[in-house]
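Visitor: If you scroll down you'll find the structure; I have some questions about it.
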Amino acid sequence: MELIFISIPPIQRITFGDMIGWIILGVIVLILVGIVFYVIGIYNTLVQLRNRFTNAFAQIDVQLKRRHDLIPNLVETAKGYLKHEKETLENVIKARNQAASARETAAAHPEDASSMQNLRASEGALAGAMTGFFALSEAYPDLKANQNMMQLTEELTTTENKISFARQAYNDAVMRYNTDREQFPAAVFAGMFNFLPAEYFEIEDPTEKIAPKVSF
Amino acid sequence: MDFFEAQDHAQSRSKFLVLYFFCAVLLIIAAVYFAVTGGVFYYQHKLGTGASPPLFTGLRLSLTAGIVVPLICFGSLWRTSQLRSKGGAGVAQSLGGRKVSYTTQRPDERMLRNVVEEMAIASGLPVPEVYVMDHETGINAFAAGFGLSDAVIGVTKGAIEQLDRDELQGVIAHEFSHILNGDMRLNTKLSGWVFGIVMLTMLGRGFWRFIGGGSKSRSGSGRGIYVGRSRGSGGGGGGGDSKGGAGALIIAVILVAVLITMVGFIGEFFARLIQAAVSRQREYLADASALQFTRNPEGIGNALRRIGGIHHDSVLQNPNASEFAHAFFAKSLTSEVSFLATHPPLKKRIARLLKDWQGDYLKPRPPLKKQAATKKKPNRGSTAFGDAMGGLGAESTNGAQGATSDNFQQMLTAGLFMQCLGNYSGLFTENS
């Protein structure tokens, strides 16, 4: 230490007062650059997580679409057997159409919470209608024995299962995203960059769980 | 059953077991070193030089290691690549599997494919090819392939006919977790190491035969390696020293060969023991993961109960099944000694899956599924009995044949040890 004090002053006569301005400036610049990089990091993480859950939704979407495509076939097959149950069939078709349009809106904007809520509600209604339909078809052994009907039931069952397994992945991804988004420093910027909270995909109708368990 | 905890437990257990395996290989190298040392001691003693040789020399160790390590490595690499080369599809075909097409219209196959796709989504893996073993009436399934890209899943006819949708889902989920956890890869590597140790036995036997053959040819035609020795003894004179030396050398080499063969046998036994223990741990792990994928303990639990309930249980008739026993859902061989078994006992597995299991099994369910089967195969009813009866007698002989021909092929391809072929394959059959 002594050496430094002795050797420096004669060569360069810079006072501490001269340097302090530069030091402060340097520190400020460093902090600013650090903050910028930090914000970029947060932004990129949020983008990544958002992409992940929208991609996970795409998996659900494929299956939802498939189910919506299968249901008219099912109703068409059942029509011949359920001549006196027009109301139930119409209910199914109505619920199906509603769910199909809700699906299209949600697929266009999976990050939009309101369209996701809408889809959830209409899928719940569809599940309810389907439960009613299957409960009814229990009383028609001919319908149950119909080869076409059996095939369609199997396809619907697998689609239901795929939706529920894909839903697990989607909800996990949403949870990751929402948690990251709500944590402190990120929460400040999330609103700034328009990262809105994502919605879970749960089907509200409790009978939904029974729907895939159709035994023939 | 907390499946995450169960997964951690099984994973750390099998890591330990793999560590044991490496220790076993190291011990074998040490044992071979001592065998060689014993031979050297004997030789020196017979020569009567008086001074006993040093117990440890760098040259001897590097010579031993220089032969044993490459031998085991070569053996294991060769075996691994041989097992790998088949690929998942090749294994499935050798087990009598028939590929199920994506567009199949048969209801039972459609369901199978759908269940596989469901589990692919649940486990986050690509959809593998699906095979059906049409000639197997036991309830079983397997996963094969070295990695994700060539993974396949196969199911027996019995599984399709006997299991309902949820049970089948549990079985398929179990197989998916074998793929996800890299169990086939692990087992291929372990099989490779076991074979590397087997090669040691073959080396010992090769030595033995070489000398035995040499002395036989000497007595027969008077020619061969030891001609010089017999002439020396006849001529007398200064041959006395070299005569004793050569005799001692032969006995020393035989001693070493016998010791190496013994080390090889003991090593192989323990290696198989460890491999079986690893396999059993991986089965528990796969059960736990199946639960994670399906969130339905009844599915896989009832599938196991149904295996316990049918007369034919999970045994396979295809002779190639013995080689891939570890990849199946339940045990595939009739005679499994408990400590060499690839699968834990059925009861233990069910008890881990179903909390309040009373120890009862499920009865076979032919009526409903049989109807569907009769449409496809008119004489199904009559063959079922024939299958069951034929299977009883055929299994044991098939198993033995499979083991023999398999080893036969190994030896043939190995080329190096052609001379001890007859001996070895005979020995193996006695053992198995």
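Visitor: Using packing as a proxy for protection, rank A:189-202, B:147-160 so that the peptide with the highest average count of other Cβ atoms within 10 Å comes first. It would help to have the intermediate numbers written out before the result.
Guide: Numbers: A:189-202: 15.6, B:147-160: 22.6.
Per-residue Cβ counts within 10 Å, averaged per peptide and sorted highest first, yield B:147-160, A:189-202.
Visitor: For B:M133, list long-range residues whose amide hydrogen, built 1.01 Å from N in the peptide plane, is under 5 Å from its own amide hydrogen.
Guide: Amide H to amide H, under 5 Å and 5 or more residues apart or across chains, B:M133 pairs with B:R98, B:V155, B:T156, B:K157.
Visitor: Sorted by average packing, counted as other Cβ atoms within 10 angstrom per residue and highest first, what order do A:57-70, A:122-135 take?
Guide: Final packing ranking: A:122-135, A:57-70.
Visitor: Residues of segment B:1-114: accessible area per residue at 1.4 Å, in Å²?
Guide: With all protein chains present, segment B:1-114 gives 56 Å² per residue.
Visitor: Next question. May I ask you to order A:29-41, B:194-206 by the average number of other C-beta atoms within 10 Å around their residues, highest value first?
Guide: B:194-206, A:29-41
Visitor: What ³J(HN,Hα) values, in whole Hz, does the Karplus curve 6.51 cos²θ - 1.76 cosθ + 1.60 give for segment A:111-120 when θ = phi - 60°, with x put for Gly and Pro?
Guide: Here the 3J(HN,Hα) series is 7, 7, 5, 5, 5, 5, 5, 4, 4, 4 Hz.
Visitor: Taking every residue in A:154-167, how many Cβ atoms of other protein chains lie within 10 Å of its Cβ, on average?
Guide: 5
Visitor: Within a 10 angstrom radius of each residue's Cβ in B:117-126, how many Cβ atoms of other chains show up on average? Whole number is fine. Could you put the intermediate results ahead of the total?
Guide: Details: counts 5, 10, 3, 2, 12, 7, 1, 2, 0, 0.
What the average comes to for B:117-126 is 4.
Visitor: Compute the distribution of all C-alpha to C-alpha distances in segment B:75-161, in bins of 5 Å from 0, and list the percent of pairs in each, rounded to whole numbers.
Guide: 3, 15, 23, 24, 18, 10, 5, 2, 1, 0
Visitor: With a cut-off of 8 Å between alpha carbons and a minimum separation of six or more residues, what is the relative contact order of chain A in percent?
Guide: Relative contact order for chain A comes out at 30 percent.
Visitor: Using only protein heavy atoms and a 1.4 angstrom probe, determine the accessible area buried between B and A, summed over both sides, in Å² to the nearest 100.
Guide: Looking at B and A, the buried total is near 1200 Å².
Visitor: Let me ask another. Hey, which of these cross-link pairs are over 32 Å Cα-Cα: B:K189/B:K363; A:K83/B:K157; B:K157/B:K348? Could the numbers behind the result be given before it?
Guide: On the way: B:K189/B:K363 38 Å; A:K83/B:K157 39 Å; B:K157/B:K348 25 Å.
In this structure, B:K189/B:K363; A:K83/B:K157 lie more than 32 Å apart at Cα.
Visitor: Working with all protein chains in place, sort B:S81, B:S338 by solvent-accessible area computed with a 1.4 Å probe, largest first. Can you show the working numbers first?
Guide: Details: B:S81 60, B:S338 90 Å².
Sorted by accessible area, descending: B:S338, B:S81.
Visitor: Evaluate the relative contact order of segment B:138-205 (contact order divided by residue number), counting alpha-carbon pairs under 8 angstrom at least 6 apart; express in whole percent.
Guide: Values: 59 pairs, mean separation 22.7, N = 68.
Computed value for segment B:138-205: 33 percent relative contact order.
Visitor: Whenever you get a sec, compute what percent of the accessible area on segment A:33-112 sits on carbon and sulfur atoms (1.4 Å probe).
Guide: 53 percent
Visitor: What list of ³J(HN,Hα) couplings, whole Hz, do you get for segment B:74-82 from phi and the Karplus terms 6.51, -1.76, 1.60, once you set θ to phi - 60° and write x for glycine and proline?
Guide: 4, x, 6, 5, 5, 5, 4, 5, 5
Visitor: When ligands, DNA and RNA are left out and all protein chains stay put, how many square angstrom of accessible area per residue does segment A:56-163 have with a 1.4 Å probe? Intermediate results must be reported in sequence, preceding the final value.
Guide: Numbers: 4790 Å² over 108 residues.
I get 44 Å² per residue for segment A:56-163.
Visitor: OK, next. Looking at chain A, I'd like the Rg to Rh ratio, where Rg is from alpha-carbon atoms and Rh is Kirkwood's inverse mean 1/r. The partial results should precede the final answer.
Guide: On the way: Rg = 29.8 Å, Rh = 21.3 Å.
Rg/Rh: 1.40.
Visitor: Next question, about the same structure. In segment B:97-114, what residues drop by 10 Å² or more of accessible area when the other protein chains are put back, versus the chain on its own? Use 1.4 Å, and skip ligands and nucleic acids.
Guide: Flagged in segment B:97-114: B:Q105, B:P107, B:R110, B:M111, B:N114.
Visitor: Please compute the contact order of segment B:37-155 in relative form: average sequence separation of alpha-carbon pairs under 8 Å and at least six residues apart, divided by the residue count, as a percent.
Guide: On the way: 107 pairs, mean separation 29.9, N = 119.
Value for segment B:37-155: 25 percent.
The values are calculated or read from the model by the stated rules, or taken from the named source; none is laboratory data. The structure presented is a predicted model; accordingly, all values stated were derived computationally and were not measured. Using ideal geometry, Cβ is built from the backbone for each residue, glycine included, and neighbour counts are taken over all protein chains shown. Ligands, DNA and RNA are stripped out before the accessible areas are found, and what is left, the full protein with its side chains, is counted by its heavy atoms. Shrake-Rupley method; radii C 1.70, N 1.55, O 1.52, S 1.80 Å.
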